[in-house]
Structures are given as structure tokens and as C-alpha cells.
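The next block holds one structure in the form of C-alpha cells; read it before the comments.
What follows draws every value from the coordinates through simple rules; no lab data is involved. Bear in mind the structure is a predicted one, so any value in this text is a computation, not a measurement. Cβ atoms come from the backbone with ideal geometry, glycine included; neighbour counts cover every protein chain shown.
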Amino acid sequence: MGPIKIDPARAFEEALTTQRKLAVALQTLRDVDDVHFGVTDKEEVYREDKLVVYRFKGERPPSAKVPILIVYALVNRPYVVDLQDDRSLVKNLLARGEDVYLIDWGYPDRADRWLTLDDYINGYISRSVDAVAKRIGVKKINLLGICQGGALSLCFAAMHPDKVKNLITMVTPVDFHTPDNMLSNWTRDMDVDLFVDTLGNVPADLMNQCYLMLKPVRLNQQKYIGLVDILDDKVELENFLRMEKWIFDSPDQAGEAFRQFIKDFYQGNKLVKGGLKIGAHDVHLGNITMPVLNVFAEQDHLVPPSASRVLGEHIGTDDYTQIAFRGGHIGIYVSSRAQREVPSAIHDWLAKRAL
């Protein structure tokens, strides 16, 4: 390997540019507003314990006859799907006439230590689905499960197919034992009983550190180095801070549900291998006979495409569609490409199955 060649003139120019941006940053930071997420008007339609189901309000009444209920993961706050005005899956679905609802899981505390997957799926999700269906006056609704929420939605649809008209999964793990699934490799030999028995609920900060270590240089260093480039741009800086606020505004995980999810999904891979039992129900993906749309991200570091695209091999429906999105796990909701492609794909797919 030869010596590194440095162009003195270019290095000097870059140093001046950086100095200028840092100087401007002092004023930019004074001008930055407190950032918020969750921009679309909404109303509460159901509440139970810490869970709240919201209905989003579009600029005009929805044209869709069957509502969509979004089931997000337990490990992050769900408002990344409505992050800001120009980065909102919710807003774009509303603009196309969809009737959109969302489950907000809230923040578990020690009172939730013993909540199980049965409580979440056959309890909270089931009653939320019933509440939305009753409100609209339909027997079945459309379910949109995202990430871990997609895995929970698969289980729900398999156990209660009579309540789901159409099922949509986004960046959802199905086969948890693909070689490129780093989270699975990390947890495969984990003593989860000792872990949960010691901690009780799993702290959000611990979970966040695990996710950051999946790409330690990119997520802990490069993005903050890149921050220098936008320090003189108030709008871009607020966008960055909004995403940072969402990333680190994570709930703790209910200990018992975490234990079961690690054992049955990450370690046992029972969703595809069989033997999964949620409460009194055996979960068989073959019982999913309603139409299914599976959207995965080609550059996903949390849920590799190989873990998601196998869904069609295990479900019982002949009406299966999958879409590969060019982007990453978070980009599928917030990137400019996602705003153009994903809501339209979901709406068009549902429109063909509206009858």
C-alpha cells in the first residue's frame, strides 16, 4: 500500500469550509425550534391500560370502505410513520383516500413486567381490531404490521383470519435464522431466562445500544461527522434532530413478552419451523388465507431481505404479492423515494381487493 497523497489546496479549502459551517452553526442552533413528530391530526378511538388507538384525520373524508390499522413494533415509538409533514406514510395514505388507524403501545413500566405475547396479540391487538371494526361497522379490517409488529400481525392473522380482510407486512422478519441476520446470531445462544429474571423489563437504552452496534461506525461516528455538513441549514438540522429524538425515545420492553419473543422467534424460529403457541392457540402461517402484501427493504440491516421474502412459501393464500424497496429499514417510511412509492403501492394493491 503506497503513501497517502493529500492535495494541500483541497485540504485547506475543506478546512475553511468546515470552519465556516461551525461558525454559522452557533447561530443555527439558536434558531432551531424544538422538534416534534406526529404531525397529522388524530383522535383517540380506543384506550386500554397504556395502549391508545388513534384515527388519523385527512383533509377530506376517506373513500376506502375498509380501514387500515397499523401495528408497529414494541421496541420503538410508532410515530416514525408520521414523522413530519413531508415524511409521513400516514399522510400519504390519507391523501389517497385510506382510513388510517394506529396502535400506540405507550411506555411499559414495572406494572407490565408480566405481560405476555398472548396479552399483546390475543388481547390488545384483538380488542383494538374489534374496536376499529365496530366503529366503522365492518366485520374485517385491513392490518398493516411493521417490523416486529408485522410478526405479531402474522400471528394474529393466523389465529384470527375471520377478522382480517387484507394483511400488509413491512420490513417484517419471518425466517429468523437466515445467515445474514445479525440480531439472530447475537441472541441464538443468549440465556434469556437469566437476562429477564435479572432485569425484569428490558431497558430501552440497552436495546438502543444493541441496534447501534449492528453498524457501529455508521451509526455512532459517520452520521455525526456528516452532521457538520448541515450545521448551516436550519431545516436539515431540524430533520436530523427529529430523527435522533425518535431513535432515542424508545420504550422499555415488558420482560415476559421479550423472553418469549427471543425464545420462540429468534432462537426457536418457530414462525416458520412450527411449534409456535400463543396462549391457547397454535400458530400456523398456513391459516393465513386472506390476500397478503409483503414489502421489504433491500438494504435493511435489521431485517435482511432474506428473512422477509420467504413469507410467500409459508402462508396459505394464493393471493400473495411482494415488493422490494430500494432503501433501508428506516428509509422505507421516511425517505423521499418511500413517500413516492410505498403509499401508492399499498393503496393500489388494496384498491384491487376492495370488493
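Quick check: from the Cα gyration tensor, does the range 264-355 come out rounded (a/c under 1.5), prolate or oblate? Verdict is oblate for the range 264-355. A simple spin-label model places the labels of Asp205 and Ala280 4.3 nm from each other, with each point 7 Å out along Cα-to-Cβ. For the listed peptides 41-52, 70-81, a ranking on the average number of other beta carbons within 10 Å per residue, highest first, reads 70-81, 41-52.
Electrostatic tally near Tyr72: other residues with Cβ closer than 15 Å to its Cβ, Lys and Arg +1, Asp and Glu -1, net 0. Taking other C-beta atoms within 10 angstrom as a stand-in for reagent exposure, His177, His36 fall in the order His36, His177, fewest first. Here Glu59, Glu298 are placed in order of increasing Cβ neighbour count within 10 Å, fewest first, which gives Glu59, Glu298.
Sort Met243, Met159 so that the residue with the fewest other Cβ atoms within 10 Å of its own Cβ comes first and the one with the most comes last.
Met243, Met159
Sorted on the mean count of surrounding Cβ atoms within 10 Å across their residues, most packed first, peptides 83-89, 164-170 read 164-170, 83-89.
Taking the Cα centre of the range 78-214 as origin and charging only Cβ (+1 Lys, Arg; -1 Asp, Glu), how large is the dipole, in debye to the nearest 20? Don't skip to the end; give the middle numbers.
Numbers: 13 positive and 19 negative charges, 157 e Å.
Result for the range 78-214 is approximately 760 debye, rounded to the nearest 20.
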